[in-house]
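Novice: Pasting a structure below so you can have a look.
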Amino acid sequence: MGKITGFMEFQRLQEAAEAPQKRLKNWREFVLHLNDEQSKQQAARCMDCGIPFCNNGCPVNNIIPDWNDLVYRQEWRRALDVLHSTNNFPEFTGRICPAPCEAACTLNINSDAVGIKSIEHAIIDKGWAEGWVVPQVPARKTGKKVAVVGSGPAGLACAQQLARAGHSVTVFDKSDRIGGLLRYGIPDFKLEKAQIDRRIAQMEAEGVEFAPSTYVGNPADPIADGLTVRTPDSLLAEFDAVVMSGGSETPRDLPVPGRELDGVYFAMDFLRQQNKAVAGDRLTGQTLAKGKHVVVIGGGDTGSDCVGTSNRQGAASVTQFELMPQPPESENKPLVWPYWPLKLRTSSSHEEGCERDWSVTTKLFKGSNGKVEKLVGARVEWFKDEATGQMKMREVEGSEFEIQADLVLLAMGFVSPVQNVLDAFGVDRDARGNVRANTDDYRTSVDKVFAAGDMRRGQSLVVWAIREGRQCARAVDEYLMGATELPR
């Protein structure tokens, strides 16, 4: 424990950020990590609890009190080693994770939680700056070959762990660049893609091979058009194990009248286009928010990303609707701690300009000449069904309204992985359309085939994907070698 009375002496310190009007002029990250002294002071607030709930609040079980203590003592390289022992990519989580560890912090019971995420951010950025993050090349090769299908955080974590165990790993992805939804689903102002590129370079030095623009599935699938195609049978013949680690990419649709109008799009299509433009691609017919009245349907992270992207493109206005009621501004901590609380969260994108409204349902879209012009909505109220105990909603009589909408972005979450891929592999599915596999061995119903990340558990956080990728790697290593020294 760095400083016994630190939690009483020091206040939580937020990371500095560029002012909204300044950061809207570019696509760069705008949050600055804490300097050494600020990090030391923030780490001093850690109470080194007898039961560190933050460890279990973190899906990868980061050993948070240990690296807090090391940062307080300014032993940065040791702190980096402890951080990397549980998390392959802390530069991702230190930027985009919602920090469930902080919700579980004991100090959060009656005060402000330790700024765990900001310390993690500082540790990994210092590690890169000092040249401490280097390839970990295995001392010997096993002669075993593993194919990883999907290059998001689950696939990358799994591939890196397996390569370090000595296996020959090839990562396949249908996109033209490696990174999955890290690359094309998260805006650059939250995660600059250089963060991904240098991890890929590290993994290549460790022996991982990457095969972008490669679709694994049936050559007749429409998504395979223009791509190199590998069938599951060809992978199973060439590799000793195959890991399915794609994302949950089927978006939830909104089947209301007018859905077919031009200008009503899925959020991920909109975000992907902008990320490709920032990467330097020349796009024809890019959907842009410039000068338009934008309506974002869905109150989660993807919706927030649409808000920030629309404002940077120069939208005339941005409105965000959420079907659920407005959450309370602060949670009842004695009731919910140490679990993730339901409370009002205002993102950096909301701070840049957005009208938000809750308990709103979309009834239809209106337009002319095939283009959307208005959204017709109504207010709803939620009630408990006495017969079933379930929460249900009903429209508030006389609450119907219209709002100008030149661009509507559907950001209501994702329902399942791409089903064509699951069909091609012939794996069993659960009730939600995900690959059926447990977290003990991550094995599917097909021999030699494993599944991890969103493709197995459904839409979730990057940090959960990293956890599943690491645990799946251990399961694969044990399957191939009969025993494993990889951590769970």
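The values are calculated or read from the model by the stated rules, or taken from the named source; none is laboratory data. Values in this document were obtained by computation on a predicted structure and should not be read as measured data. Glycine gets a Cβ as well: all are built from the backbone with ideal geometry, and neighbour counts include every protein chain shown. These accessible areas exclude ligands, DNA and RNA; they are computed on the full protein's heavy atoms, side chains included. Shrake-Rupley method; radii C 1.70, N 1.55, O 1.52, S 1.80 Å.
Novice: For Leu461, what accessible area in Å² do you get when you roll a 1.4 Å probe over the heavy atoms of the protein chains, rounding to the nearest 10?
Specialist: Taking all protein chains as shown, Leu461 has close to 60 Å².
Novice: Also: Every cysteine in the chain with no other Cys Cβ under 4.7 Å from its Cβ, please list them in numeric order.
Specialist: Isolated Cys, the chain: Cys46, Cys49, Cys97, Cys105, Cys158, Cys306, Cys354, Cys472.
Novice: Multiply the residue separation of Glu381 and Glu485 by 0.36 nm, subtract the distance between their alpha-carbon atoms, and state the gained length in nm to one decimal.
Specialist: Using 0.36 nm per residue and subtracting the Cα-Cα distance, I get 32.1 nm.
Novice: I've got another one for you. In bins 10 Å wide, starting from 0, what share of all Cα pairs of the chain does each bin hold, as a percent?
Specialist: In order of increasing distance, the bins hold 4, 18, 27, 27, 18, 6, 0, 0 percent.
Novice: What are the residues whose amide H is under 5 Å from the amide H of Leu364, where those residues sit 5 or more places off or on another chain and H is modelled from the backbone?
Specialist: Val376
Novice: How much area per residue is accessible in the chain when the probe is 1.4 Å and only protein heavy atoms are counted (Å²)?
Specialist: 45
Novice: What is the Cα centroid distance between the stretch 234-291 and the stretch 317-393, reported in whole angstrom?
Specialist: If you average the Cα positions of each part, the centres end up 24 Å apart.
Novice: Can you pull the semi-axes for the stretch 1-142, root of five times each eigenvalue of the Cα gyration tensor, sorted largest first, whole Å?
Specialist: The three semi-axes for the stretch 1-142 are 23, 22, 15 Å.
Novice: What is the calculated FRET efficiency for Lys371 to Thr142, with r their C-beta to C-beta distance and R₀ = 51 Å, to the nearest 0.05?
Specialist: In this case the efficiency is close to 0.30.
Novice: Just to verify a number: FRET efficiency for Arg282 and Asp221, C-beta to C-beta distance, R0 = 35 Å, to 0.05?
Specialist: Efficiency, rounded to the nearest 0.05: 0.85.
Novice: Here's something else I'd like to know. What does the highest-first list of 396-402, 40-46, 335-341 look like by mean Cβ count within 10 Å?
Specialist: Top to bottom by mean Cβ count within 10 Å: 40-46, 335-341, 396-402.
Novice: Using Cα positions and a limit of under 24 Å, work out the lysines in reach of Lys392, with same-chain residues fewer than 8 apart set aside.
Specialist: Within the straight-line limit of under 24 Å, Lys392 reaches these lysines: Lys343, Lys363, Lys384.
Novice: Turning to a different aspect of this structure: Above 16 angstrom, tally the Cα pairs of the stretch 196-278 and express them as a % of all pairs, no decimals.
Specialist: Roughly 73 percent, once rounded to a whole number.
Novice: Which value in nm describes the separation of the simple spin-label points at Glu397 and Asp176, placed 7 Å from the Cα toward the beta carbon?
Specialist: Spacing of the two 7 Å Cα→Cβ label points: 5.6 nm.
Novice: Counting only Cα atoms, I'd like the Rg/Rh figure for the stretch 76-156, Kirkwood definition for Rh.
Specialist: Using only Cα positions, Rg/Rh for the stretch 76-156 is 1.08.
Novice: For the stretch 258-380, go through all pairs of different Cα atoms, get the mean of 1/r, take its inverse, and jot down that Kirkwood value in Å.
Specialist: By the Kirkwood definition, the hydrodynamic radius is 16.0 Å.
Novice: Tell me, what % of the accessible area of the chain is carbon and sulfur with a 1.4 angstrom probe?
Specialist: C and S atoms contribute 48 percent here.
Novice: Something else about it: Starting from the Kirkwood radius over alpha-carbon pairs of the stretch 371-465, derive D by Stokes-Einstein at 4 °C in a medium of 1.567 mPa s and give it in µm² s⁻¹.
Specialist: For these conditions, the coefficient is 75 µm²/s.
Novice: Longer than 31 Å from Cα to Cα, which of Lys3/Lys333; Lys117/Lys374; Lys25/Lys333; Lys22/Lys333 are they? Say none if no pair is.
Specialist: Check vs 31 Å cut-off fails for Lys117/Lys374; Lys25/Lys333; Lys22/Lys333.
Novice: Among 325-334, 237-246, 423-432, 54-63, what's the highest-first ranking by average C-beta atoms within 10 angstrom per residue?
Specialist: 237-246, 54-63, 423-432, 325-334
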